[in-house]
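Quick one: the structure is below, and I'll ask about it shortly.
Just so you know, all these numbers are worked out from the coordinates, no wet-lab data involved. Note that the coordinates shown come from a computational prediction; the quantities given were computed from them, not determined experimentally. Every residue, glycine as well, gets a Cβ built from its backbone with ideal geometry; the counts of neighbours run over all protein chains shown.
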Amino acid sequence: MTFYTAKQDADHHAALLKNNPQMQSPAYRLAYHDFDFMIRDELRPVRLQLELLKPELAFAEHGIESTIVIFGSARMIDAETAQQQLSLAKQHLVANPSDAHAQHAVQRAERAVQKSYYYEQARQLGALITANNATQSRQLVVVTGGGAGIMEAANRGASEVCGKSIGLNIVLPHEQTPNPYITPELCFQFHYFAVRKMHLLMRAKALVAFPGGFGTLDELFEALTLIQTKKMHRIPVILFGQSYWNTIVNFDALVEEGAVSAEDLKLIQYAETAEQAWALMSELNHV
């Protein structure tokens, strides 16, 4: 290359810095080395571009072209941990039978045991997708939001069959740390929800939504909107746990009110087990 690289110039610049007012002034810093400059409001378009580009380059370097998106509640735990917590809660209740807090703790722990089914199924699905790569014409990589709960389970399943998986974390007021099962070089952090959601869907060949809250609903309905309005190609959208989704969202009422067409509901499929979800995405998308 004829020109010096940006890194070479930055290193050269650092080596020449002297303790004089001109060189110590923030104005003298190279723009791309000036953090205070980079986080100015006026630089938002540049930061958006960087958040889009950084994972894109990494995916290209790793040859990742096709993903399966798995998301759901960050609050669900694995079956073993749930059972341990229930045992401890029951022991505390035996020692304090009239304690209302102890009674509620047992109820919460029992509910956590029930919901751990979804964690274990997401874990199994992550393993199924990853293990089946050997028999597929293209590699399918599990991608999650990178946090705990269902996201952890899916990354964990991929890791347990010695596969790689992606985690797309987001900076939140209550810190979200990446789960330990994400492939380290495929673990990213975002400031902008919009860019994060774009990366969730850009290479998606199927999407599986486990029970979850506002974040899960946000991601689900954005995907459905993009497919409905033909802003993205149709992919299998699988809702895991039909009873949960029928309770949370009255899709039929949307049709009755004329808010969506009956045809739009065909965008959605349901699954109760990891095997069913894998069969649906294989059938509908030829993965």
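Please report the projected area of region 96-182's Cα convex hull averaged over all directions, in nm². Don't skip to the answer; put the middle values down first.
Working: hull surface 29.5 nm².
The directionally averaged projection comes out at 7.4 nm².
Also: Could you put Phe214, Phe37 in order, starting from the residue whose Cβ has the fewest other Cβ atoms within 10 Å?
Numbers: Phe214 7, Phe37 16.
Arranged by neighbour count, lowest to highest, Phe214, Phe37 become Phe214, Phe37.
Could I ask something else about it? May I ask you to list the residues of region 1-23 whose amide nitrogen lies under 11 Å from a point 7 Å from Cα along the Cα→beta-carbon direction of Leu57?
Residues passing the 11 Å test: 6-7.
Among all the aspartates and glutamates, which ones have a C-alpha under 13 Å from Lys90's C-alpha, if same-chain residues fewer than 8 places away are not counted?
In chain and number order, the partners are Asp99, Glu110.
What FRET efficiency would be calculated for the residue pair Met202, Lys266, taking the C-beta separation as r and a Förster radius of 25 Å, to the nearest 0.05?
Details: r = 24 Å, r/R0 = 0.95.
About 0.60, to the nearest 0.05.
Using Cα atoms only, what is the angle between the long axis of helix 214-228 and the major principal axis of the chain, expressed in degrees (0 to 90) to the nearest 10?
Helix 214-228 sits at roughly 80 degrees to that axis.
Okay, next question. Report, ordered by chain and residue number, the lysines lying within cross-link reach of Lys205, taken as a straight Cα distance under 16 Å and ignoring same-chain residues fewer than 8 apart.
Straight-distance partners of Lys205: Lys197, Lys230, Lys231.
Can you tell me how much longer the chain between His191 and Arg47 gets when fully stretched, taken as 0.36 nm per residue apart minus their C-alpha distance, in nm with one decimal? Don't jump to the answer; show the numbers that get you there.
Values: separation 144, 0.36 × 144 = 51.84 nm, distance 0.90 nm.
Contour length minus the Cα-Cα distance gives 50.9 nm.
Nearest 10 degrees is fine. How inclined is helix 150-160 to the longest principal axis of the chain, computing both from alpha carbons?
In the chain, helix 150-160 runs at an angle near 80 degrees to the longest axis.
Out of [x] 40, 27, 20; [y] 48, 24, 17; [z] 31, 23, 16, which label holds the value of semi-axes √(5λ) of the Cα gyration tensor in Å that was computed here?
Computed from these coordinates, semi-axes √(5λ) of the Cα gyration tensor in Å corresponds to label [x].
Compute the angle between helix 100-131 and the longest alpha-carbon principal axis of the chain, please, reported from 0 to 90 degrees and rounded to the nearest 10.
Helix 100-131 sits roughly 70 degrees off the main axis of the chain.
If each residue of separation counts as 0.36 nm, what is the full-extension length gain between Leu172 and Arg111 once their alpha-carbon separation is subtracted? Write out the running numbers ahead of the final one.
Values: separation 61, 0.36 × 61 = 21.96 nm, distance 2.66 nm.
Between Leu172 and Arg111, full extension yields an extra 19.3 nm.
Given points 7 Å out from each Cα along the Cα-Cβ axis, report the Ala31 to Ala259 separation in nanometres with one decimal.
For Ala31 paired with Ala259, the spin-label model returns 4.6 nm.
Antiparallel DSSP bridges in the chain: what percent, to the nearest 5?
Details: 0 of 23 bridges.
Restricted to the chain, the bridges split so that about 0 percent are antiparallel.
Please identify every one of the trypsin sites (Lys or Arg not before Pro) in region 165-250 that sits in a loop by DSSP and has no more than 13 other beta carbons within 10 Å of its own beta carbon.
Numbers: sites: Arg196, Lys197, Arg203, Lys205, Lys230, Lys231, Arg234; in loops: Arg203, Lys230, Lys231, Arg234.
Loop-located and lightly packed - Lys230, Lys231, Arg234.
Calculate the FRET efficiency for Phe214 and Val94 from the Cβ-Cβ distance with a Förster distance of 35 Å, rounded to the nearest 0.05. It would help to have the intermediate numbers written out before the result.
On the way: r = 37 Å, r/R0 = 1.05.
Working from the Cβ atoms, E equals 0.40.
Follow-up question, since we're still on this one. In vacuo Debye scattering of region 200-287, one point per C-alpha: log10 I(q)/I(0) at q = 0.17, 0.19, 0.22 Å⁻¹?
Here log10 of I(q) over I(0) equals -0.72, -0.91, -1.23.
Related question: Would you calculate the separation in nanometres between label points at Asp78 and Tyr244, each defined as 7 Å from the Cα along the Cα-to-beta-carbon direction?
1.8
Taking neighbour Cβ counts within 10 Å as the exposure measure, how do Val237, Val208 sort from fewest upward?
Ranked by crowding around the Cβ, least crowded first: Val237, Val208.
Using the reciprocal of the averaged 1/r over all distinct C-alpha pairs, how large is the Kirkwood radius of region 1-157 in Å? Write out the running numbers ahead of the final one.
Numbers: mean 1/r = 0.0479 Å⁻¹.
Over region 1-157, the inverse of the mean reciprocal pair distance is 20.9 Å.
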